[in-house]
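*Asks:* Once you've had a glance at the structure underneath, I'll fire off some questions.
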Amino acid sequence: MPAVKKVNDHYYITSPEVTITGNLTVSGAQASVTSTDSVITDRQIVLNNGETGAGITGQLTSGIEVERGSVSNALLVFDESDDRWKVSYDGGSTYLFLVQSAGAVVTNDVVDDTTPQLGGDLDINGFNIQNVIDNVILSLDNESTGESGVYITNDTVTTAELITTNKAKKFAYVLG
């Protein structure tokens, strides 16, 4: 049998299970649920609901924070100030960029991973691999000659072939 108790204008309901048929509206500054696991059927969760300004106003971020006990919390947030999804492993002191929204100017993508690993093939979809700072371009074909191979272009060299079928044949003749 459920028990209802009122203490200092607060109502406490004690019951092994409560079923509410219909909508539940909770009004207040904070809604707190203490449970081990939450199961949510919804396919989409809306954060920052009721925003009336252009974008996320106030703190300019909205997202999910994971409490990690004695170590810094982890966060996944959308930052309105630069239109980016970001992740933080140090409680929000620093962020790694994940994705930029459409129309945003791309200045960098993967910047903090100094030893990236693919785990599969790299398909560059007809583009080149480029180091913008040193003006070096590594291409996998030569558009001017139509040959396949690996070519490099930089400030001092214009389309020098590194590895091509033609060079491979020359090395084969030399090496026997």
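The values are calculated or read from the model by the stated rules, or taken from the named source; none is laboratory data. Here the structure is a predicted model, which is why all the values come from computation and not from measurement. Cβ placement follows ideal geometry from the backbone for every residue including glycine, while neighbour counts extend to all protein chains displayed.
*Asks:* Does residue 115 satisfy the condition of being more than 16 Å from the chain's Cα centre (by Cα) and at pLDDT 75 or above?
*Replies:* no
*Asks:* On to the next question. Restricting attention to the stretch 126-140, and to residues there that are out of contact with any Ser or Thr (no Cβ under 7 Å at 6 or more places or on another chain) and in a loop (DSSP other than H, G, I, E, B), which single residue is surrounded by the most Cβ atoms within 10 Å (Cβ to Cβ)?
*Replies:* 135
*Asks:* Just checking, how many residues over the stretch 56-71 are small (Gly, Ala, Ser) and over 19 Å from the mean Cα position of the chain (by Cα)?
*Replies:* 3
*Asks:* If you don't mind, there's one more thing I want to ask. Among the residues of the stretch 83-96, write down those that are assigned to a loop (DSSP other than H, G, I, E, B), surrounded by 14 or more Cβ atoms within 10 Å (Cβ to Cβ) and on the phi < 0 side of the Ramachandran plot.
*Replies:* 89, 95
*Asks:* When the residues of the stretch 33-64 are narrowed to those that are under 29 Å from residue 13 (Cα atoms) and charged (D, E, K, R), which ends up surrounded by the fewest Cβ atoms within 10 Å (Cβ to Cβ)?
*Replies:* Once the filter is applied, the top-ranked residue is 37.
*Asks:* Name the residue, out of 123, 79, that is surrounded by 15 or more Cβ atoms within 10 Å (Cβ to Cβ) and either outside the structural domain of residue 156 (by TED's automatic domain parsing) or modelled with pLDDT of 80 or more (or both).
*Replies:* On inspection, the qualifying residue turns out to be 79.
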